[in-house]
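Beneath this line is the structure, given in structure tokens, with notes to follow.
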Amino acid sequence: MSSLPPLLSPVLSSVIRGPALLPIIQADTPDEAVAIAKALADGGVGSVEVVLRTRQALAAVTAIRSALPDLLVGAGTVLSAADANACKDAGAQFLVSPASTPKLLEAMIATGLPFAPGVATPSEIAMAYEYGLTEVKFFPAHLSGGIEMLKALRGVFQQVRFCPTGGISQHNLADFLALPNVFVAGGSWLTPANLVKTQQWGQISELASAASAIARQLKTAA
Ligand code: 3PG
């Protein structure tokens with residue numbers, strides 16, 4: 001059996017700042033990313049995930065880190081070792097991936113950053129666990145069984161905690177966060193594309209503020 005890279009990074013839950021929320025930032029420019037991040041921070045959010053789905057995503061990570069040093073800034077949609085390394089170089093403080101493969105897990109472990117690899121099945125959770133990982137992203141949460149699936153997984157994987165994303169909204173946030181095996185909830189519902197496009201930062205702050213209130217009530221802030 002090949003020797004695995006040592007797990008040196010702290011778990012993601014130990015570094016999350018503010019309420020148990022991980023809103024996604026998908027921005028076309030670094031300035032837009034900073035404006036979204038500021039609106040979220042104004043609504044009480046302490047941690048954000050910039051997704052690698054736009055050309056300037058890495059520059060956005062760097063820009064937010066510099067403009068808003070109190071925010072914890074991670075990178076999401078990490079799909080390869082090259083992505084993981086580029087995110088670290090850009091200043092990402094944690095990594096999130098929608099998937100788990102041995103190669104991807106080893107690359108993320110090698111960065112030394114906290115991270116959450118994506119899982120949707122018991123076998124994927126077991127694979128992550130074999131690498132010593134006890135915190136994973138459950139994606140896409142709503143299509144993979146949602147609340148009921150997380151309840152079922154809790155009985156079997158008693159040490160594993162989840163960051164559900166995919167289909168989280170203001171309507172079901174409380175139900176997800178009330179689960180003891182959920183440590184943070186992620187998604188794009190706080191940063192809808194239409195509000196970003198029309199620069200309605202106040203409305204994003206209001207959405208963030210409502211979600212922060214729910215999260216603070218259900219989970220102790222980090
Ligand atoms: C992700 O990247 O985690 C998902 O795209 C989030 O899904 P959502 O847009 O349904 O929140």
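Coordinate-derived values only; no laboratory data. As the structure is a prediction and not an experimental result, all values here were calculated from the model. Neighbour counts run over all protein chains shown; Cβ positions are idealised from the backbone, glycine included.
Could you count how many residues in the stretch 163-191 are in a helix (DSSP H, G or I), among the aliphatic types (A, V, I, L, M) and within 12 Å of the ligand (Cβ to nearest atom)? Can you show your working first?
At the first step, the residues of the stretch 163-191 found to be in a helix (DSSP H, G or I) are 173-177.
The next check asks that each one be among the aliphatic types (A, V, I, L, M); those that pass are 173-174, 177.
Filter once more, so that each one left must be within 12 Å of the ligand (Cβ to nearest atom): 173.
Of the residues in that region, 1 qualify.
Filter the stretch 144-162 down to the residues that are assigned to a loop (DSSP other than H, G, I, E, B) and either farther than 27 Å from Leu40 by Cβ or among the aromatic types (Phe, Trp, Tyr) (or both), then identify the one that is nearest to the ligand (Cβ to nearest atom).
Taking the stretch 144-162 first, the residues assigned to a loop (DSSP other than H, G, I, E, B) are 144-145, 157-160.
After this cut, where a residue has to be either farther than 27 Å from Leu40 by Cβ or among the aromatic types (Phe, Trp, Tyr) (or both) as well, the list is 145, 157-160.
Values: Gly145: 15, Phe157: 20, Gln158: 25, Gln159: 23, Val160: 18 Å.
So, considering only residues that are assigned to a loop (DSSP other than H, G, I, E, B) and either farther than 27 Å from Leu40 by Cβ or among the aromatic types (Phe, Trp, Tyr) (or both), the one nearest to the ligand (Cβ to nearest atom) is Gly145.
Given the conditions (1) touching a residue at least 24 places away in the same chain (Cβ under 8 Å); (2) touching a Gly at 6+ places or on another chain (Cβ under 7 Å); (3) within 16 Å of the ligand (Cβ to nearest atom), which single one is not true for Leu95?
Unmet for Leu95, out of (1) touching a residue at least 24 places away in the same chain (Cβ under 8 Å); (2) touching a Gly at 6+ places or on another chain (Cβ under 7 Å); (3) within 16 Å of the ligand (Cβ to nearest atom): (1).
Please determine, by comparing only the residues of the stretch 18-63 that are among the β-branched types (Val, Ile, Thr) and assigned to a helix (DSSP H, G or I), which one is surrounded by the most Cβ atoms within 10 Å (Cβ to Cβ). Quick ask: steps written out before the conclusion?
Taking the stretch 18-63 and keeping what is among the β-branched types (Val, Ile, Thr), we get 24-25, 29, 34, 36, 45, 48, 50-51, 54, 61-62.
Adding the requirement that they be assigned to a helix (DSSP H, G or I) leaves 34, 36, 61-62.
Details: Val34: 19, Ile36: 26, Val61: 28, Thr62: 18.
Ranking the candidates gives Val61 first.
With the structure loaded, tell me whether Gln159 is within 22 Å of Ile36 (Cβ to Cβ), touching a residue at least 12 places away in the same chain (Cβ under 8 Å), of a type outside the set (A, V, I, L, M, F, W, C) and surrounded by fewer than 21 Cβ atoms within 10 Å (Cβ to Cβ) or whether it fails that test.
Details: within 22 Å of Ile36 (Cβ to Cβ): no; touching a residue at least 12 places away in the same chain (Cβ under 8 Å): yes; of a type outside the set (A, V, I, L, M, F, W, C): yes; surrounded by fewer than 21 Cβ atoms within 10 Å (Cβ to Cβ): yes.
No.
Any chance the stretch 100-107 includes a residue that's within 23 Å of Arg17 (Cβ to Cβ) and outside any strand (DSSP E or B)? Lay out the reasoning, then the answer.
From the stretch 100-107, those within 23 Å of Arg17 (Cβ to Cβ) are none; that's our starting set.
No: the stretch 100-107 contains no residue that is within 23 Å of Arg17 (Cβ to Cβ) and outside any strand (DSSP E or B).
Limited to the stretch 192-222, what total is found for residues that are of a type in the set (D, E, K, R) and either surrounded by 17 or more Cβ atoms within 10 Å (Cβ to Cβ) or part of a loop (DSSP other than H, G, I, E, B) (or both)? Walk me through it before giving the result.
So the first thing to find is which residues in the stretch 192-222 are of a type in the set (D, E, K, R), and the list is 197, 206, 216, 219.
If we keep only those that are either surrounded by 17 or more Cβ atoms within 10 Å (Cβ to Cβ) or part of a loop (DSSP other than H, G, I, E, B) (or both) too, we end up with 219.
Adding up the residues that qualify gives 1.
Taking the options Ala107, Ala81, name whichever one is crowded, with 17+ Cβ neighbours inside 10 Å and touching a residue at least 12 places away in the same chain (Cβ under 8 Å).
Working: Ala81 fails: crowded, with 17+ Cβ neighbours inside 10 Å.
Residue meeting the stated conditions: Ala107.
Could you grab me the full set of residues in the stretch 56-80 that are more than 14 Å from the ligand (Cβ to nearest atom) and more than 13 Å from Ala90 (Cβ to Cβ)? Give the derivation first.
Filtering the stretch 56-80 for residues more than 14 Å from the ligand (Cβ to nearest atom) gives 56, 58-73, 80.
Within the stretch 56-80, Ala67, Leu68, Pro69, Asp70, Leu71, Leu72, Ser80 meet the criteria.
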